[in-house]
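The values are calculated or read from the model by the stated rules, or taken from the named source; none is laboratory data. From a predicted model like this one, the values you see are computed outputs, not experimental measurements. Because the Cβ atoms are built from the backbone with ideal geometry, glycine has one as well, and the counts that use them run over all protein chains shown.
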Amino acid sequence: MKIKNASCIACGKKDLDRDTIGINRKLIAENTKTFYCMDCLADYLGCTVQDILDKIEEFKDEGCKLFS
């Protein structure tokens, strides 16, 4: 599911999905109003997109409500 009006603050990509919003809130700040797309978040964190996707799956398995 895409979140309308949520766009990447680095590249401008629009309509970010729920998992992207969730991982931004989990790794940057829970109450953030600005988000990175997966590619820009990986660049910002110095990791790969796959690393982030793996982390999202871990958080889902733990029952994190940001990814429900």
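Looking at (1) over 10 Å from the mean Cα position of the chain (by Cα); (2) of a type in the set (Gly, Ala, Ser); (3) at pLDDT 95 or above, can you tell me which one Ala6 breaks?
Condition (3) is where Ala6 drops out.
Hey, can you tell me all the residues within the range 9-49 that are under 8 Å from the mean Cα position of the chain (by Cα) and polar (S, T, N, Q)?
Hits for the range 9-49 are Thr20, Asn24.
So, in the range 44-68, exactly how many residues are touching a Phe, Trp or Tyr at 6+ places or on another chain (Cβ under 8 Å) and at pLDDT 95 or above?
Going residue by residue through the range 44-68, those that are touching a Phe, Trp or Tyr at 6+ places or on another chain (Cβ under 8 Å) are 44, 56, 59-60, 66-67.
Still in the list and also at pLDDT 95 or above: 44, 56, 59-60.
Residues flagged as touching a Phe, Trp or Tyr at 6+ places or on another chain (Cβ under 8 Å) and at pLDDT 95 or above within the range 44-68 amount to 4.
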